[in-house]
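Structure first, then comments.
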Amino acid sequence: MNRGLIGITGRGGLIGWHLRALLYARGVAWVDIDLRRDDPLDDAHRAIDHLVHVAGITHASPEAVREGNIAMTEKLIGVIDAASPRLASVTFANSVQSRVDSPYGVGKSVSGELLRAASERWGADYVDVMIENAFGERGLPHHNTVTSTFCHRVVRDEPLTVATSDERVFVHAQDIAEALAGSISHEVLHGRGTRLALPDLAGRIRSFERHRRSGTVPPLPTRYDVDLWNTLVSFAFGADGGHAPGSAEMTDGELLSLGPDDSVQLGFRRRASQRVVLTSGRARLDARCVLSDEQRTIDLGGAEPTVVDVPALWTWSLTNAGDAPASALVTAIGSRSSEEAMTVGV
């Protein structure tokens with residue numbers, strides 16, 4: 001999908017937002033198709049080259065979930081038909097639940113069949129991406145996977161209730177976005193999933209939160225650990241204004257020096273949070289989530305060095321808020337490749 005205009009449904013959901021953030025980071029053009037509108041695709045963007053159907057209904061009555069997902073797909077097909085399609089590809093954000101005889105499973109299964117048939121009629125390649133237990137930044141507690149609920153509760157000192165020892169496979173939303181964008185194969189996506197029992201997930205999140213509150217970063221030996229840590233950071237961001245880290249947390253990173261009234265603008269990292277340690281002076285950190293109106297302002301400084309973890313996919317700036325010079329150390333946590341670690345300007 002590196003060429004042409006991409007049409008995306010489901011912009012407001014976890015997967016839809018992560019897909020849009022991925023395309024934004026790469027400078028790829030897309031248009032949102034809002035199936036809640038009477039005219040989901042305006043005249044200026046009817047000639048899309050690729051279609052990614054992410055929108056879906058998960059929380060409603062059984063009938064509304066089953067029929068709603070099917071009706072949404074039928075509406076999308078009608079919209080594309082009316083636009084005289086020239087599509088090269090159609091990608092469906094399907095679910096492993098489509099293999100299960102449940103309202104949601106049936107809704108997704110039928111939707112996939114409808115899209116596959118329409119793709120053949122349009123002469124477009126059809127790609128079916130099976131998704132399970134997506135988690136990541138901007139997940140909604142009690143709506144997306146249990147990871148979102150656990151992270152939401154632990155940063156608020158609420159108990160993590162684990163009613164079963166079942167194992168589940170967890171996949172980060174950016175990995176799913178890469179598969180939907182055609183950057184990785186379904187086989188690679190499957191290989192990035194991590195199987196974990198729910199009690200183990202709860203224990204790992206509790207341990208990570210203890211580290212976060214002490215100002216330390218836990219050992220992060222796997223890709224999943226990095227993603228889980230950065231997801232927790234996103235839920236905690238702005239909740240408590242920072243912590244006093246041990247000296248081991250301040251030995252590496254990029255040093256920023258700010259004179260009085262100086263300000264530095266930073267970009268975002270797609271797959272890494274950024275640890276900001278104010279080592280001297282006072283400063284104000286202003287941050288904004290990409291493709292969102294969500295913002296945070298955090299005041300830093302005092303007798304001890306303070307640290308704030310800026311989540312992945314947040315742009316931010318640091319401004320000297322005192323009369324004396326200020327300095328800060330910035331370290332990316334989770335960089336794995338040149339693309340995933342790149343900083344994109346505000």
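The values are calculated or read from the model by the stated rules, or taken from the named source; none is laboratory data. Every value quoted in this text rests on a predicted model; they were computed, and no experiment measured them. All Cβ positions, even for glycine, are placed from backbone atoms using ideal geometry, and neighbour counts span all protein chains on display.
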Any idea which of 116, 138 is charged (D, E, K, R), surrounded by fewer than 20 Cβ atoms within 10 Å (Cβ to Cβ) and either in contact (Cβ under 8 Å) with a residue 12 or more places away in the chain or in contact with a His (Cβ under 8 Å, 6 or more places away or on another chain) (or both)? 116
Subset tally (residues that are touching a Lys or Arg at 6+ places or on another chain (Cβ under 9 Å) and of a type in the set (Gly, Ala, Ser)) for the stretch 94-122: 6
Residue hits (the stretch 126-151; closer than 17 Å to residue 174 by Cα and not in a strand (DSSP E or B)) are 132, 133, 136, 137, 138, 139, 140, 144, 145, 147, 148
Output the residues belonging to the stretch 141-173 that are polar (S, T, N, Q), buried (at least 17 other Cβ atoms within 10 Å of the Cβ) and touching a residue at least 12 places away in the same chain (Cβ under 8 Å). 144, 145, 147, 148
Residue in the stretch 38-46 that is surrounded by fewer than 21 Cβ atoms within 10 Å (Cβ to Cβ), more than 25 Å from residue 142 (Cβ to Cβ), acidic (Asp, Glu) and in contact with a Leu (Cβ under 8 Å, 6 or more places away or on another chain) present: no
Looking at residue 59, is it at pLDDT below 95, surrounded by fewer than 16 Cβ atoms within 10 Å (Cβ to Cβ) and touching a helix residue (DSSP H, G or I) at 6+ places or on another chain (Cβ under 8 Å)? yes
Residues that are modelled with pLDDT under 95, farther than 28 Å from residue 185 by Cα and either in a loop (DSSP other than H, G, I, E, B) or outside the structural domain of residue 118 (by TED's automatic domain parsing) (or both): does the stretch 15-33 have at least one? no
Out of 176, 184, which single residue is without any contact (Cβ under 8 Å) to a residue 12 or more places away in the chain and under 30 Å from residue 77 (Cβ atoms)? 184
Failed condition for residue 108, given (1) out of contact with any strand residue (DSSP E or B) (no Cβ under 7 Å at 6 or more places or on another chain); (2) in a helix (DSSP H, G or I), with all others met? (1)
